[in-house]
Structure formats: C-alpha cells, structure tokens
Amino acid sequence: MKWAPALFGLLALALWEAAVRIGDVPVYILPGPIAVASAFVADPVGLLQSLASTLFVTFAALLVAAVLGVAMAVGMSASRLAQAAIQPWAVALQVTPLPAIAPLIIIWVGEPFAALVVCATIIAFFPLFANTATGLASPPPELNDLFRLYGASRWRTMALLRLPAALPYFLSGLRISGGLALVGAVVAELVAGTGGFASGLAYRILEASFRLEMPRMFAALFLLALAGILLNFGLGAAGQAILRRRGLA
Amino acid sequence: MLTIGHVGRRFAGGVEALRDTSLRLTEGDFVALLGPSGCGKSTLLRLIAGLDQPDDGALTWDGRPPAAGDIGYVFQDATLLPWATAEDNVFLPLRLRGQGRDDAMPQVHAVLRRVGLAGFEKSRPRQLSGGMRMRVSIARALVTRPRLLLMDEPFAALDEFTRHKLQADLLEVWRDAGCTVVFVTHSIYEAAFLARRIVLMTPRPGRIDREITSTLTQSPQTRLDPAYAALVAETTRGMESALQ
C-alpha cells in the first residue's frame, strides 16, 4: 500500500512514453518522459538554480505572511475596533486575483525580488491570518473565565492561553500557505518574466515556451510540482512533530 | 463570609436567570445549590466568583473582598490546558499570581498528592482518564489555598463509580482545607451526600425556595444509612414542591 502512489506514477510515465512513441506525437506538442529527463540532464544546474530562486521567494513570502498574519490576528483578537477595521480588508485582499494586480505591484515596488515576495505574500497571507484568528478565539469560555478569576491581564491571557491554543490552527494555515506562496511566487515570476526580469522556474517555463523547447518546459514544470509536494509534506511533518512535542497530536 | 442580598440577573433577550435571591455563606460551609437545569445555579456561582455582575441586589463580603486566588473554581469539564502537564496545569494559578516555578513546585506536588495523582505530574490531559482530569482541575482550584471553592456540577460527566470516589475524596479535601464550598448540582443524591446545607432553587427565574440542613456524618457507609435515605426523601419532597 505504501508503494502504491510510486507504482502508479511509474505506470503513468510508462503509458505516457508508450503513447507518445506509438502515436508519433511531435516533441513540440508533447514530449515523452525520457525527453523531459534528457532536458533536465542537459542543464541541471540552470534549472536547479532557478528552482532555488523560486523557493527563496516562496520561503521569504511565507515568513512575511506568517509574521503579518499572526500580528494582525493578534491585533484583531485584542481589539474589536481593530477587528472591524482589519477584517474587510483582509477579505478584499484574499479575493483580489493576483495576476490582475501583480503588474502594478512590480511597477510600484521596483526592486524585483521584493516585488516577487510582496506578490507571493498577498496569496499566502490569508490562510495564516484566518487560521490564527480562529485559533486565538478557540479556548473555551471557562478557560477565559479562569484566567479572569486569577486576575490575568489581557496580554498574559494572550501569551499563556490564546497563543498556545492557536498553534495547531497556525500550523495548519502554514501548510496551506506554503503551497499558496509557491503559486504566488510562480505567478509573480511569470508576470515579471514577461517584463524582462529573468529569474525563477516560472521564467524558465516562459523562456522555454517562447523557444518551443517543450522538454525543458516540462522539466521545469516537474521540478515545480516536486517542490510543491515536498513543501506540503515538509510543512505537514514539521507541524506534526511540533504538535507531538506539545502533547497535542 | 458572604451575604447575597436580593440578587437578580437578567440577560439580553429578556431571559431572567435569577430573581430576588438571598443567601448567606459562613466560613467552612458546604452548600449545595440544587435545582433543575436553567434555574440560575451557575449564574449565581458566576456572580459569587465576580465573573458576572447582578442587575439587582448586592453581594457583600465580610471583611476584605476576595483577592486573586481566594476563590477556586471547578467547572463541569476539567478545562485543562491540553498542551500543559498536570503539574503545569496546577501551577497555572500560582504563575498568574507571579510565583516562580521552582518556588511553587513543592506546593503543586503536595496538592497533586492530596488529590491522589502522585506519579502523574508529567502526564498531559490526553494521557489521563476523565476522573483523573477532574482531579487535576480540583488540584488547580486548591493550589492557591482558596477561602471559597466554587464547583459547577464537576462530577456530572463522570461514571457513577468515579463520581462516588471523587465525592468521598472531595469531603476529605474540604475537611483538611477548611475552606467554604459552594457545589452546584442537579443530583439530589449528590447534594444529600455532600452538603451540610442543601439550597433548593425554583425553575427560571431562579429563586431560593427553601434550605435543608444535613446532620449526616459522611463516611463510605453513609449511602447505606437510613438517615441518608430520609434526607434524600426530604430533599426530593422539597424539590417537587419547588418545581411546582
């Protein structure tokens, strides 16, 4: 059972290769897996450097989104006024399509790396913010009463009750936002790439598509998918380890 | 210790939880507030704890009003911090009062021993049974050596065997600690077994209908004692009258 996904993947690759060969599909329409692997082997350093660049943007955005998300959720849970002021804007930010605003952000921010991080942060922010806010409100009223009974200040209640209670929610949000930060980084790189900023795997995809180098384009796509899977599993495993250590899993 | 004078409490939506409720608590009392669900028992407990304020009447403390730690509160659920060990849960009230961990630990371990949890100091709530979690909750309420212990149906969710054991243990703790206990319950048997004073409340809006004084000497054999059966019968008759 453990090997089922890998075996299924191998079978799908074999069928794909067979279909391409039997159907004599031109490589500029659909390259087979062997051609894709050959394209990767031809320039592994270039593709991996681009992957590193995309991941750097992804992690930077995830960090900024985590700091901003937690800070705004804490601010919102501490004050009804802040909640009334922040919540509609957070929702507005979530529903605004990034491809529509990315060109503006890239022009306004100017510095390319910072612009990519801003774009990816916008996408990654909401799950972290919403999950943390839900977690901060999750302790039962009895525990809040207990802290009041013992004269705990609002910030002490935050530190000893609400923030620890929000940890599982935050970690769950982090896992969702990890994938979204990667998507945001790729979208931003695509927009920036069309403007001439040559960086990241998305730019390699764009470049390969302009040159009809479909095997290289697929190699970059595979790397992106692999990065997304590893990011998801990595953040999930790290979250589980933290929760186990805290006695919550 | 505390005089509750003509207290009333109404909630939004016009729900009147308590009306003209008066009661006097004296040092060392064990008072059971007995009544059907929704009769304002828990509301009265929250007013006593200072977690809510009455719309009418007043609560007047003899001498100085209670400081943080003078009142212990045990809820229906154990309501422990799931990420904290038993000793850290019990340490919490002392920590909130600013006491250092090293300084507090002997006191924390002593109270955990007192409630029968020696050896479980490092256990987290999910590793403990329902009865053990409730013991941690009681230890947390006792660790500050409160003058007044408020208990809101603490054993309602436990099985009968565990409930009987915890009731007997609670009586021992009460005798040792010498604090005043106000115990909310809707079980006539529980009220008759535990309390020196059984206060019967009417359905909403809650009022105190009457009070029954117990002269039982509680022991493991009490439940087989004809005097206990007579007290249960008297309380049942009183409750039936209060419900009409």
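The values are calculated or read from the model by the stated rules, or taken from the named source; none is laboratory data. As the structure is a prediction and not an experimental result, all values here were calculated from the model. Neighbour counts are summed over all protein chains in view; Cβ atoms, including those assigned to glycine, are modelled from backbone coordinates with ideal geometry.
Odds and ends about this structure:
- If you go through the range B:44-76 and pick out every residue that is within 13 Å of another protein chain (Cβ to nearest Cβ) and of a type in the set (Gly, Ala, Ser), you end up with 6.
- Every residue from the range B:146-163 that is out of contact with any Phe, Trp or Tyr (no Cβ under 6 Å at 6 or more places or on another chain), of a type outside the set (Asp, Glu) and touching a residue at least 40 places away in the same chain (Cβ under 8 Å): B:146, B:147, B:148, B:149, B:154, B:156, B:157
- The number of residues in the range B:141-152 being within 12 Å of chain A (Cβ to nearest Cβ) and at positive phi comes to 0.
- Verdict on residue B:110 being away from chain A (no Cβ under 13 Å) and either part of a loop (DSSP other than H, G, I, E, B) or buried (at least 18 other Cβ atoms within 10 Å of the Cβ) (or both): no
- Residue match in the range A:212-232 (condition: among the basic types (Lys, Arg) and under 21 Å from residue A:49 (Cβ atoms)): yes
- Boolean, residue B:79 is more than 24 Å from residue B:143 (Cβ to Cβ), within 14 Å of chain A (Cβ to nearest Cβ) and hydroxyl-bearing (Ser, Thr, Tyr): no
- Of the criteria (1) within 16 Å of residue B:194 (Cα to Cα); (2) without any contact (Cβ under 8 Å) to a residue 60 or more places away in the chain; (3) among the small types (Gly, Ala, Ser), which one residue B:131 fails: (1)
- Selection of the range B:26-59 for residues being surrounded by fewer than 20 Cβ atoms within 10 Å (Cβ to Cβ) and either among the acidic types (Asp, Glu) or part of a strand (DSSP E or B) (or both) yields B:27, B:29, B:52, B:55, B:56, B:57, B:58, B:59.
- Counting only helices (runs of 4 or more DSSP H) that sit wholly inside the range B:144-244, those with at least 3 residues that are modelled with pLDDT under 95, assigned by TED's automatic domain parsing to the domain that holds residue B:45 and β-branched (Val, Ile, Thr) are B:226-243.
- Residue pairs whose Cβ atoms lie under 9 Å apart, separated by 6 or more positions or on different chains, with the first residue in the range B:178-189 and under 12 Å from residue B:156 (Cα atoms) and the second assigned to a strand (DSSP E or B) and of a type in the set (Phe, Trp, Tyr), are B:183/B:30.
- Candidates B:123, B:137, filtered to the one that is under 16 Å from residue B:179 (Cβ atoms), of a type in the set (S, T, N, Q) and either in a helix (DSSP H, G or I) or not assigned by TED's automatic domain parsing to the domain that holds residue B:2 (or both): B:137
- Per-region count, the range A:96-147, residues acidic (Asp, Glu) and more than 14 Å from chain B (Cβ to nearest Cβ): 1
- Considered as a group, the residues in the range A:148-171 that are small (Gly, Ala, Ser) and surrounded by fewer than 17 Cβ atoms within 10 Å (Cβ to Cβ) include one that is nearest to the other protein chains (Cβ to nearest Cβ), and that residue is A:151.
- Verdict on residue B:180 being within 14 Å of chain A (Cβ to nearest Cβ), touching a Gly at 6+ places or on another chain (Cβ under 9 Å), closer than 22 Å to residue B:50 by Cβ and β-branched (Val, Ile, Thr): no
- For the range A:1-38, a tally of residues being over 28 Å from the mean Cα position of the chain (by Cα), part of a helix (DSSP H, G or I) and over 16 Å from residue A:208 (Cα atoms) returns 12.
- Odd one out for residue A:210, checked against (1) touching a residue at least 40 places away in the same chain (Cβ under 8 Å); (2) more than 20 Å from the chain's Cα centre (by Cα); (3) within 28 Å of residue A:105 (Cα to Cα): (1)
- Hits in the range B:212-222 (condition: in contact (Cβ under 8 Å) with a residue 40 or more places away in the chain and surrounded by fewer than 19 Cβ atoms within 10 Å (Cβ to Cβ)): B:220
- On the stretch given as the range B:108-124, residues that are out of contact with any Phe, Trp or Tyr (no Cβ under 9 Å at 6 or more places or on another chain) and touching a residue at least 24 places away in the same chain (Cβ under 8 Å) total 9.
- All conditions but one from (1) surrounded by fewer than 16 Cβ atoms within 10 Å (Cβ to Cβ); (2) within 20 Å of the chain's Cα centre (by Cα) apply to residue B:64; the one that does not is (2).
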